[in-house]
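> Sharing a structure here in structure tokens format.
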There are 2 protein chains.
Amino acid sequence: MKKLTARQKQVLDYVSLFISEHSYPPSIRDIQKHFGLKSTKGVKDHIDRLVEKGYLHRTDGAARALEIVGRSSSVRTVPVVGRVAAGLPLLAEENIQDYRPVSKSLARSEGMFYLKVQGDSMTGAAILEDDLVLVRPQPFVEQGEIAVVLIGDEATVKRFYIKNGRIELHPEIPTTIR
Amino acid sequence: MKKLTARQKQVLDYVSLFISEHSYPPSIRDIQKHFGLKSTKGVKDHIDRLVEKGYLHRTDGAARALEIVGRSSSVRTVPVVGRVAAGLPLLAEENIQDYRPVSKSLARSEGMFYLKVQGDSMTGAAILEDDLVLVRPQPFVEQGEIAVVLIGDEATVKRFYIKNGRIELHPEIPTTIR
DNA sequence: CTTTACCCTATACATATGTTTACATATTGC
DNA sequence: GCAATATGTAAACATATGTATAGGGTAAAG
């Protein structure tokens, strides 16, 4: 990545700070005021350089349309599904207890959600009661994988097997001896 | 919290979506276009209601100056500490492997960090190898709490006891019988 | 039934904000 | 030294954007 001058780094840092304080980006004049400049041109130039060098992304013409490349959208907000209500699709509003941010490095695809674990049947796989399990819906389950299965109106976390055309769901309960 | 109408919720959801996609908030006309409306007034009214009811915060007059109350900056970026290098402070650059976003509902205070777990000594407490443990530095440890302790140059996760002035660190290894 | 809240169109205005042109000075790289 | 880059002032300009006024139709609340 191309090097920044001291001033350019100051501007980039201020953009970053402003966003974390306001949750929306600064205007050029916001930046101008902060550095005590008497013209908008200087700031404009710095922003231009930061865009050219790949540190910022900008939507031309739009107000406050700055994004910091990289840090920009590393987070996704997913719904938290608790006890499942009878007869409703899993992600129906009635089933959603909350929303939580997850790193996109975990929630890579869309449509993923958190399921709140009930019971201790999976303690052996380090999945405890009230844990939030990040669920990625997919059409198939691999033999022996841990999966979320809908049994009637109950969403359950179990290890999944098919033997002789029969589906088996295995809990994982350890017996602890001290 | 005051109830929202279906339309207001749609608008709020779109603001949220727009922010997660662009990392800066939408303008009133952005929202107008998305819903296919032919006047900005309707959108303005919805935003006004959302502000009145406490779901949005706005800086009057400023462009795109919308924040979603609560979820706004609900994320903190914390360093991930891996194997600890000899003689260096825990959060020295050499020890930091990565940075990761965490929900502020978990990382409430500043100075918290992730520690990558080595070994399986805490499997019984559902803390597995390579798990990331969120650490909150504090001056004291409670009797029987799980804590991160620095032994020489090794950061270790153990259950902490003091008995007769002697410190005891207990691992938690279960024996699993199938 | 009347009133209020909701939801929308149409038009206009004021200002916030990005962009540009012209000019100046200091620093850096070659 | 010379060209390119960095950094800045000054003054406009164009447009993006929030806000306001006027009005209408429907559904919910009293």
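> Give me the percent of the accessible area of chain B that comes from carbon and sulfur atoms, probe 1.4 Å, all protein chains in place.
With neighbouring chains kept in place, the figure for chain B is 51 percent.
> With the other protein chains left in place, how much accessible area per residue, in square angstrom, belongs to chain A at a 1.4 angstrom probe?
Here the residues of chain A average 61 Å² of exposed surface.
> Now a separate question. Within 10 Å of each Cβ of B:114-126, how many other protein chain Cβ atoms are there on average?
Mean shielding count: 1.
> Sorted by accessible area (1.4 Å probe), largest first, how do A:Tyr114, B:Tyr161 line up?
B:Tyr161, A:Tyr114
> Let me ask another. How big is D for the protein assembly as shown, in µm² s⁻¹ as a whole number, if Stokes-Einstein is applied with the Kirkwood radius of its Cα pairs at 20 °C and 1.002 mPa s?
In µm²/s, the coefficient is 89.
> Taking 21 Å as the cut-off for C-alpha to C-alpha distance, list the pairs among A:Lys9/A:Lys53; B:Lys2/B:Lys44; A:Lys33/B:Lys33; B:Lys44/B:Lys104; A:Lys9/A:Lys44 that go past it. Before the final figure, lay out the partial values.
Details: A:Lys9/A:Lys53 12 Å; B:Lys2/B:Lys44 19 Å; A:Lys33/B:Lys33 33 Å; B:Lys44/B:Lys104 31 Å; A:Lys9/A:Lys44 14 Å.
Violating the 21 Å limit, Cα to Cα: A:Lys33/B:Lys33; B:Lys44/B:Lys104.
> Same structure, new question: Between A:Val69 and A:Val133, what is the label-point separation in nm under the 7 Å Cα-to-beta-carbon projection?
Rounded to a tenth, the inter-label distance reads 4.1 nm.
> Let me ask another. How much accessible surface does B:Lys41 have with a 1.4 Å probe, in Å² rounded to 10?
Only protein atoms counted, so the area is about 120 Å².
> Run through the other copies and list how far each one's label point is from that of B:Ile96, in nm with one decimal, shortest first; the point sits 7 Å from Cα along Cα-Cβ.
For B:Ile96, the other copies' label points sit at 3.4 nm, shortest first.
> Hey, what angle do you get for helix B:40-52 against the long axis of chain B, alpha-carbon based, 0 to 90 degrees rounded to 10?
Relative to chain B, helix B:40-52 is tipped by roughly 40 degrees.
> Determine the calculated [θ] at 222 nm for chain B from helices alone, applying -39500 (n - 2.57) to every DSSP H run no shorter than 4 residues and normalising by the residue count; nearest 500 deg cm²/dmol.
On the way: 3 runs with 38 residues, N = 178.
When only DSSP H runs of four or more count, the value is -6500 deg cm²/dmol.
> Hey, another quick one. Please give the net charge around B:Ile127, taking every other residue with its beta carbon less than 14 angstrom from that of B:Ile127, where Lys and Arg add +1 and Asp and Glu add -1.
Spelling it out: positives minus negatives among the neighbours equals -4.
> For the protein assembly as shown, what proportion of DSSP beta bridges, expressed in % and rounded to the nearest 5, is antiparallel?
95 percent
> If I ignore ligands, DNA and RNA and count only protein heavy atoms, how much of A:Phe113 is accessible to a 1.4 Å probe, in Å² to the nearest 10?
My reading of the accessible area for A:Phe113 is about 10 Å².
> Once you place label points 7 Å from the Cα toward the Cβ at A:Asn164 and A:Ser39, how far apart are they in nm?
8.6 nm
> For a paramagnetic label modelled at 7 Å from the Cα of B:Glu21 toward its Cβ, which residues of segment B:30-52 fall within the zone defined by backbone nitrogen distances under 17 Å?
Hits in segment B:30-52 for B:Glu21 at 17 Å: B:30-37.
> Report, to two decimal places, the Cα Rg of segment B:75-170 normalised by 2.2 N^0.38 Å (N = number of residues).
For segment B:75-170, the normalised Cα radius of gyration comes out at 1.09.
> Between segment B:19-71 and segment A:118-176, what is the separation of their alpha carbon centroids in Å?
41 Å
> Run the label-point distances for A:Ser20 please: 7 Å along Cα to Cβ, every other copy, nanometres, shortest first.
2.3
> Mind listing the label-point distances from B:Arg136 to the same position on all other copies, shortest first, one decimal in nm, points 7 Å along Cα→Cβ?
Distances to the matching label points in the other copies: 3.1 nm.
> Give me the Kirkwood hydrodynamic radius of chain B, using the inverse of the mean 1/r over all pairs of distinct Cα atoms, in Å to one decimal.
20.2 Å
> How long is the gain from A:Asp60 to A:Ser103 if the chain were fully straight, where each residue apart is worth 0.36 nm and the alpha carbon distance is subtracted?
The span from A:Asp60 to A:Ser103 would gain 12.6 nm if fully extended.
> Between 0 and 90 degrees, rounded to the nearest ten: what's the tilt of helix B:6-22 against the longest Cα principal axis of chain B?
Helix B:6-22 sits roughly 60 degrees off the main axis of chain B.
> Averaged across the residues of B:11-20, what count of C-beta atoms belonging to other chains lies within 10 Å of each residue's C-beta? Working shown, then result.
Numbers: counts 0, 0, 0, 0, 0, 2, 1, 0, 4, 5.
Other-chain Cβ atoms within 10 Å of each residue's Cβ, averaged: 1.
> If you don't mind, there's one more thing I want to ask. Which of the lysines could a cross-linker span from B:Lys158 if the Cα-Cα distance has to be under 18 Å and same-chain partners fewer than 8 positions apart are dropped?
Cα-Cα hits under 18 Å: B:Lys116.
> For segment B:6-68, count all C-alpha to C-alpha pairs, find those more than 13 Å apart, and express that count as a whole percent of the total.
Values: 1134 of 1953 pairs.
Of the Cα pairs, 58 percent sit more than 13 Å apart.
The values are calculated or read from the model by the stated rules, or taken from the named source; none is laboratory data. Quick caveat, the model's predicted, so the values are computed rather than measured. When we count neighbours, we look across all protein chains shown, and the Cβ atoms used for this are built from the backbone with ideal geometry, even at glycine. For the accessible areas, the whole protein counts, side chains as well, though only heavy atoms, and no ligand, DNA or RNA atoms are used. Shrake-Rupley method; radii C 1.70, N 1.55, O 1.52, S 1.80 Å.
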